[in-house]
Every structure is written in structure tokens, then in C-alpha cells.
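Worksheet: the structure to be examined is printed underneath.
None of the figures in this text is laboratory data; all of them are computed from the coordinates on show. Predicted, not measured: the structure shown is a model, and the values here were computed from it. Here Cβ is always computed from backbone atoms with ideal geometry, including for glycine, and neighbour counts include all displayed protein chains.
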Amino acid sequence: MNLKSLLTAATATAISLSVSAAVNTLTVNASKLGAPVQPTMYGLFFEDINYAADGGLYAELVKNRSFEFPQSFMGWETFGGVELKNDGPFERNPHYVRLTTAGHREKHTGLTNEGYFGIGVEKDSVYRFSVWARTPKAGEKATLKVEIIDPKTMGETQVIANAKVNVASTEWTKYTAELKPNVTCDQAKLRIFLAKPDDTTVDLEHISLFPANTFNGHENGLRADLAQLLKDVNPGVLRFPGGCIVEGTDPDTRYQWKETVGPVENRPTNENRWHYTFPHRFFPDYYQSYGLGFYEYFQLAEEIGAEPLPILNVGLVCQFQNDADHQIPMDSLQTFIQDAIDLVEFANGDVNTPWGKLRAEMGHPEPFNMKFIGIGNEQWDSIYPQRLEPFVKAFRKAHPEILVVGSSGPDSEGKQFEYLWPEMKRLKADLVDEHFYRKEDWFLSQGARYDNYDRKGPKVFAGEYACHGKGKKWNHYNAALLEAAFMTGLERNADIVHMATYAPLFAHVDGWQWRPDMIWFDNLRSMPTCSYYVQQLYATNKGTNVLPLTMDGKPLTGAEGQNGLFASAVADTDDNTIIIKVANTSDEAQQLDINFDGFKKKESIDGGKVITFTSDDPMAENTLDEPNRMAPTEAAINVTGKAYSTTIAPKTFQVYIFNKAVAKK
Ligand code: AHR
């Protein structure tokens, strides 16, 4: 039996090898129910960075499907007689292509789409092709050949799926076809061409290819494996559409939710600032199609059981990229405020209101029950509270039921942080968004961060955080362990910390800009990281109320004399369990003697289980080839009574779930 299995067997046996001499006596007061753990705790931060939306969660496989990228044929290769036109049927996406004869029966006219780092298709799965098309001249007919090709093979095997589409109307019409590849290919392409070289002219717009198998089967849907990973976290909140992309590099490129709703064909393309933010990771063809827009975000939140938390622009474009003189003037703020107010109508309004009607037409007459709104991302200086103030006033008047989230800037401490927190209190923001991408020693030193926060002011939303560890490996185990240790402090302070979201969420292995991230994927595969598992362990074991847990009368925060231990306890009054989370960040195994105080005479512990996340290699991580290398393991705990002794291995995070029992006699 190795050390890990010994420990997961959860016996009380002392382990002689490298066990610290200290006995850590932890006391849980099992009857003193503390602050409720908010249902919003442990959530997800979604931003279209690292190809998280287009090329990621949004299941569309065609890049630049409406020819609206500034270089109209980005993502496409054309052959034969292909012409770009700009008087198409969709006002906000006017471009389309005209295919005419290549001039000889032996020649071809058509175009090939490269997808996002290729197109991933699975053998025998169904893919739905669609295109808006017309024949410009009455009485003409055209047949399109639609093929999924594997560009790495030659000859007959190159075409791995095909279909025909007959176009015979001068009216713009949506045509569809199904394709079923006969092999799996992670970097296929989509090719469309006139079936007969001397065929008639045809116009094509909004060329699209989706897997039939999307999350919950929605037509304009999400990649099933990625959305399922989100659901499996059991998230309490879904923040969208990001971070920096909310702000934009300039006013025109800010995220405007109204452009992201309604028919997908008429949602305009926006640039994505992450295409140029990091010159060493430059992706000039990274744009936002808005196919994954605010309706889809609300729908996703609902389907994964998370509260929706939209973040809107406060009237400031990215402050890293613009000085105060280039910001939206105060007297132009009304549109921004109206956008925010209208969003409540879109999400919650009656179907007889203009925005509520649109939501109903899109398929969701029931309200989305939005309760929170974030105004501004990580803004700073007086230009932020100055702009936030009229939003808060407008919301208090029009929608006092909506809680407003303000920001404390990009740093976890320092001048702006010190300035903005009192400003958020003054404005009576309901929650304050804090961001911290920090190194190991920061996470080790912040176990008590929230213990002394003012309980009378706004609540905390730890809205973007991740341990950015040393070394070349980014999503390694040790970073996740330190996040787990730090999060005991979030849990212990449930009265003030109401939301927390690790960031960023997704990264495409071929298209990332920022790391570490919670979930990595390529065109066909996906992989939870160690940090993912930590988030999931918290979210699936969050309990209902905090319980006091102390060692020598003090909470375990990794402080001096606590042997590198961090811990928190919650009761789950629905399941009748007591859940204790312990992170041992030290290099030694630690003995834990857990005493349960406060039980009534007939109450005791009666068995349970322990979930262990450990590694003897701090740099260990999952990869797409080995996605399950690092994962928590579960074992039963056989204990009855009012105390439990165990040993926690070095560098280990454990979640103990004890059943509470009441003796009958
Ligand atoms: O998560 C990546 C970026 O980090 C976010 O867009 C921004 O808010 C922060 O600076």
C-alpha cells in the first residue's frame, strides 16, 4: 500500500514516515451554525479570451461565417469566380459572396474554411451545415457541393463527408444539409463549391457548421463537453461576458449586449482585444461573432444552475490602453445607463415589454430571474466612482431589487484598492469585485484576508483570481493546492464573501493568450486542470452554514505555529453532514485530531467519506493526452463518536464529509 492509499483509506493509524511531531488538535463547534454560505458561492468567470467563445464553448465551426472580418476572406481560401458583395439581407452583416462559373467546365468555383485551428469532427457524428443563399437571376438553379475534408490526406480519402444543396430561388433562403464524417479528424476544413463547373451564379451568406450534439441540443448551441464540464462544477454564479472585453480598446469595440441578441445572422462582428493584447501571442483573426450572446449566456447560467451575473461597461474603455482624456464623457453616459436598465427588462421583463418580447421570441418567455449586475470591470481612479454613481442611482430608482457590483480595481491591495473600497462604500455598492492573480507566497499569506473586513459595508466578490506559480508549468498541482488553502478563508468568511470565481475559465491549446486557466481544450478534447478540481470540490461541498473551527482557539489560516495548515468547516443542514476542508501546505504529514464540540447528548458522528487531492510532485498537471492524471480520490471514513483522528499527507487538500447521527434511545 502506498502513502496515498493509506491516507485515503482514512484510518486513524499514525504514519511514522516524515510525520510532523506536532499533533494538531482541531475543534469544530458542531452546534453553532454560523453565517449561511451563499448559493452564489464558487462560480465561473467566463470571458472570450484564449478562444473561449468563438473556437471554444460556442459550437460554431466556421470562422468568419458572414465575411465581416476587416479582411473579408480571413479564414477562407477561394478558388474560381468568387466575388465579395456588400448588399446582403442582414443589415448589420452586409457582406456575402457571389459564386460564378470559373470559365471552363474543368475548373471549379468555391471556397474553403479553415475553422479555428482546423475543424474538429468525430466519425459517424452528425454535423449541420446551413447557408443563406439565392440565385440572383430568376429561373436559375444551382447545386452546391458541401464537403468536410481532411487536408492531411490525399485522393479519395480526403473528402470525409459530403452533401448537396440545391438553390432555386431569388429570395434569400436558409438551406440546410447534414454531414456525417466517415473518420475522426481534429483539423478538417469545410469546402463548398458549385457542383457543375459551368453552373449558374449563386450568392452565399452566413455559412455555418455545427455539431448536432450540442449542450442540451440547442441549435445555436454550445460544445457539449465544455458546457458539461461547467455544469459539473456545480457553480453558484456565472459571470459574463468577461473582464477586459467588456471595456473595449475604444468605445466602438466595447461589448454592447444589445448587439448580441436577436437572430444570429444579424449580430455584428466585433474585434476581440485579445487578438493583439500580447504581441508574443498574436492572433490577428480573433474576432467575436456574438453567436454566443447574452440570451445564450442567460440560458447557459440557467441550465448549469448558476445565478447570471452580467458585467456591463461603465463608460470607461480599457484604462491600461487609454488615459482619462480618451474616456466616455460624463454627459454621454445616459446610453450606457439605459443599456443596463434595459438589460433587466430583457432578462426579467414581461413579454409585453419590448425587450421581454425579444427574449420570448428567442425562445424563453419565462424570466431569467437576474438578480445581480456588475458595472465596470477593473476600473480605477476617480473617473470610475464618478461614472458608477449615476448607474447606482438609476438602479435604486428603477430596479431596487437588483444588486449592483462595483470594482476595487486591478490589484488586491495598494493605492487604488485603498481608494476604491471606501468609494464603493460611499456609493453603497452591494458587492465589490476584487481581482488577484498572484504568486504562491501571496496565497500562503492571505488565509486571514477577510477575517477583519468591515461587516457593515458591501460584500466581497472575489471576481478574478488564480495562483500564478513559478516555473514553466502553469496549471500545476501546487498552484491549485494554494488556491484551496486560500479558499478556506473565503469559506470561513461566508458572511462577507458572497461570490468567488477563478479566472480565466477556458483556453484553446493552440490559441491561448493567458495562462493558467481552469479548463484546456483542443478541437475535440477537453481537460480539467488541478485548479478546476479545487473549484469543484468547494462548489460541490459548500454546505449551508459556516461552523467555527479552531486550533488553540484560533482559526487555521496558515499562520505562524499552525504547521502550514489551513482549514474551514461548514454544516450542510439539508444533508445532515459536517464538512471540513483542510489544506496541508507543509512538506510534512500532519496529524489531525478533530474534536466535535457542541453535540447534544444523543448526537454524534457516524461515518462519512474523505475526498483527497494530493501529489508528491508539486509540478504535476493534467494534459490532453493524460486528462485524468491528476484528480481527487474518495474513500469511506469509518468513525463513530465525537472525535476523529487522522493524518494528512504533505501538500494535500482533503474534504472530510461526516454524517451526523442521532441515537434513537
Ligand atoms: O482574466 C483575464 C483578464 O484579467 C481580464 O479580462 C481582466 O479583467 C483582468 O485583467
### Query
For q = 0.05, 0.06, 0.07 Å⁻¹, what log10 I(q)/I(0) does the chain give under the Debye formula with an equal point scatterer on each alpha carbon and no solvent?
-0.27, -0.38, -0.51
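With 16 Å as the cut-off, how large is the P(r) tail for the range 539-609, expressed as percent of Cα-Cα pairs? Kindly include the intermediate steps, with their values, before the conclusion.
Details: 1340 of 2485 pairs.
Counting pairs separated by more than 16 Å, the tail of P(r) holds 54 percent.
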### Query
To the nearest Å, what is the center-to-center distance of the range 199-221 and the range 583-624, using C-alpha atoms only?
49 Å
### Task
Please report the relative contact order for the chain, taking Cα pairs under 8 Å with a sequence separation of at least 6, and give it as a percent rounded to a whole number.
18 percent
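Can you give the translational diffusion coefficient of the range 216-302 in µm²/s, computed by Stokes-Einstein from the Kirkwood radius over Cα pairs at 4 °C and 1.567 mPa s?
The diffusion coefficient I find is 90 µm²/s.
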### Message
Considering only C-alpha atoms, what is the centroid distance from the range 149-188 to the range 478-537, in Å?
### Response
38 Å
### Task
Please name which of PRO632, GLY608, LEU420 has its Cα lying farthest along the dipole of the chain towards the positive end, using unit charges on Cβ (Lys, Arg +1; Asp, Glu -1) and the Cα centre as origin.
GLY608
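In percent, how large is the relative contact order of the range 300-415, given Cα pairs closer than 8 Å and 6 or more residues apart?
On the way: 146 pairs, mean separation 34.1, N = 116.
In percent, rounded to a whole number, it is 29.
Would you calculate the volume per residue, in Å³, of the smallest convex hull containing every Cα atom of the range 392-549? Walk me through the numbers before you get to the answer.
Details: hull volume 24.4 nm³, N = 158.
Once divided by residue count, the hull of the range 392-549 is 154 Å³.
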### Query
Using the membrane-span-like helix rule (whole DSSP H runs, Cα extent along the own axis of at least 27 Å, mean Kyte-Doolittle hydropathy at least -1.0), which helices of the chain qualify?
none
#### Entry: the range 163-267: C-alpha gyration tensor shape, a/c 1.5 cut-off, then a/b vs b/c
oblate
#### Entry: Where Rh is the Kirkwood radius over Cα pairs, Rg/Rh for the range 76-211
0.96
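If you rank ARG105, ARG98, ARG191 by fewest surrounding Cβ atoms within 10 Å, what's the result? Don't skip to the answer; put the middle values down first.
Numbers: ARG105 10, ARG98 15, ARG191 21.
So the residues, fewest neighbours to most, are ARG105, ARG98, ARG191.
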### Computed Rg/Rh of the range 605-665, alpha carbon atoms with Kirkwood Rh
1.14
### Query
Given the C-alpha centroids of the range 546-569 and the range 420-461, what is the distance between them in whole angstrom?
20 Å
### Query
Principal axis lengths of the range 330-448 from Cα atoms, whole Å, largest first?
53, 34, 20
### Task
Once you've got the Cα coordinates, tell me which of LYS32/LYS651; LYS371/LYS425; LYS85/LYS258 are over 23 Å apart.
LYS32/LYS651; LYS85/LYS258
### Message
Could you tell me the relative contact order of the range 76-211? Use alpha-carbon pairs under 8 Å, at least six residues apart, and round to a whole percent.
### Response
36 percent
### Task
Give, rounded to the nearest 20 debye, the magnitude of the charge dipole that the chain has about its Cα centre when Lys and Arg contribute +1 at Cβ and Asp and Glu contribute -1 at Cβ.
1340 debye
### Qualifying lysines (Cα of each under 22 Å from Cα of LYS123; at least 8 residues distant if same chain)
LYS63, LYS145, LYS152, LYS164, LYS180, LYS189
### Query
If you rank THR170, THR101 by fewest surrounding Cβ atoms within 10 Å, what's the result?
THR170, THR101
### Cα-based shape type of the range 316-356, given that a ≥ b ≥ c are square roots of the gyration tensor eigenvalues and the cut on a/c is 1.5
prolate
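How do ASP198, ASP572 rank when sorted from fewest to most other Cβ atoms within 10 Å of their own Cβ? Kindly include the intermediate steps, with their values, before the conclusion.
Working: ASP198 13, ASP572 17.
Ordered from fewest to most neighbouring Cβ atoms within 10 Å, ASP198, ASP572 come out as ASP198, ASP572.
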